[in-house]
Amino acid sequence: MLAAVNAQAQVSITDRQGTLLEVNDAFCQHTGYTREELIGRSHHLLNSGVHPRRFWADMWRQITDGKTWRQAVCNRTQQGTLYWVDVAITPIRNAAGQIETFVSLCTDITAAKQQEAEQLAAVRRGNALWEALQMHSLISMTDGNGVVTEANSAFCAMSGYRPAELIGQNHRLLDSGLHPASVWQAMWRDISNGWPWWAQLCNRAKDGTAYWLDTFIAPVHDANGQVQQYICIQQDLTASR
């Protein structure tokens with residue numbers, strides 16, 4: 001079991017004051033320090049500065065209370081490179097029941113943390129793009145049957161309908177009657193097959209006013225690749241038309 005742990009984890013043992021007594025080869029390889037440079041030093045040698053003081057205060061309080069502490073920790077190698085480890089620190093008691101040492105097992109999670117950071121950055125970019133679209137465009141969402149499930153404020157203002165009047169309705173509510181049935185048949189054929197569709201359309205507002213929109217409809221697929229809903233993004237073309 002010890003051989004398996006040594007092969008998979010960075011292992012260190014400290015005394016009750018947190019002074020390093022023993023480290024395995026994996027610990028040395030990841031930190032960039034030799035065993036001689038580590039023994040007698042504190043784990044503070046690896047402090048990246050990423051975590052606040054209270055993070056370490058909570059850790060110290062928990063392990064000195066005799067409890068195992070586990071967290072994701074960012075360390076800094078001797079060369080200054082940051083790396084992330086999943087850390088579990090367990091107190092070891094002597095025959096009298098007093099805490100004598102702490103054993104720390106660390107596994108490298110740097111790649112997972114980098115992926116997480118990239119995903120969060122992608123989400124932030126997506127949110128920023130969505131906010132920009134919301135400010136600039138008429139946006140509506142429908143389910144797989146074309147029933148409106150969402151409509152933004154620009155869409156409501158242009159159509160003259162309140163959200164409650166649009167949700168649950170079909171886009172036919174806004175049909176101006178100007179376009180032949182073949183236009184809608186072509187639209188439905190494309191989007192139901194998973195293809196985006198673009199056209200310039202004339203809609204009719206609640207008060208009967210006709211208005212023109214540059215319309216882009218994109219299918220949204222579920223995890224199985226099936227069309228689940230549609231997003232419609234439109235720009236007002238009335239003045240130019």
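No value in this document is a laboratory result; all are computed from the given coordinates. Model, not experiment: these values are computed from the prediction. Here Cβ is always computed from backbone atoms with ideal geometry, including for glycine, and neighbour counts include all displayed protein chains.
Some notes on this structure:
- Kirkwood hydrodynamic radius of segment 27-145, Cα pairs, Å: 17.8 Å
- FRET efficiency for the pair Q226 and A57, taken as 1/(1 + (r/R0)^6) with r the Cβ-Cβ distance and R0 = 51 Å, rounds to 0.50.
- Neighbour counts of C-beta atoms inside 10 Å place S104, S176, S182 in the sequence S182, S176, S104, starting with the fewest.
- Karplus-derived 3J(HN,Hα) values for segment 78-94, using 6.51 cos²θ - 1.76 cosθ + 1.60 with θ = phi - 60°, are 4, 7, x, 7, 7, 8, 10, 9, 8, 10, 10, 10, 10, x, 10, 9, 8 Hz; glycine and proline are entered as x.
- Between 0 and 90°, nearest 10: helix 53-64 axis offset from the chain longest Cα axis: 50 degrees
- Taking θ as phi - 60° and the Karplus parameters 6.51, -1.76 and 1.60, the scalar couplings of segment 129-146 work out to 5, 4, 5, 5, 4, 4, 6, 9, 10, 8, 10, 9, 10, 10, 7, x, 9, x Hz in sequence order, x denoting glycine and proline.
- Amide proton proximity set for S42, modelled H, under 5 Å, gap of 5+: L20
- Translational diffusion of segment 115-241, estimated by Stokes-Einstein from the Kirkwood radius over alpha carbon pairs at 25 °C in a medium of 0.890 mPa s, is 158 µm² per second.
- Ordering of 222-230, 124-132 by packing is 222-230, 124-132, highest average first (other Cβ atoms within 10 Å, averaged per residue).
- Summarised as an ellipsoid, the chain has semi-axes of 63, 18, 16 Å, derived from the eigenvalues of the Cα gyration tensor scaled by 5 and square-rooted, with the largest first.
- Acute angle (nearest 10 degrees) that the helix 181-192 long axis makes with the longest principal axis of the chain, alpha-carbon atoms: 10 degrees
- In order along segment 232-241, phi translates into HN-Hα couplings of 10, 10, 9, 10, 6, 10, 4, 4, 6, 5 Hz, rounded to whole numbers, per the Karplus curve 6.51 cos²θ - 1.76 cosθ + 1.60 with θ = phi - 60° and x for Gly and Pro.
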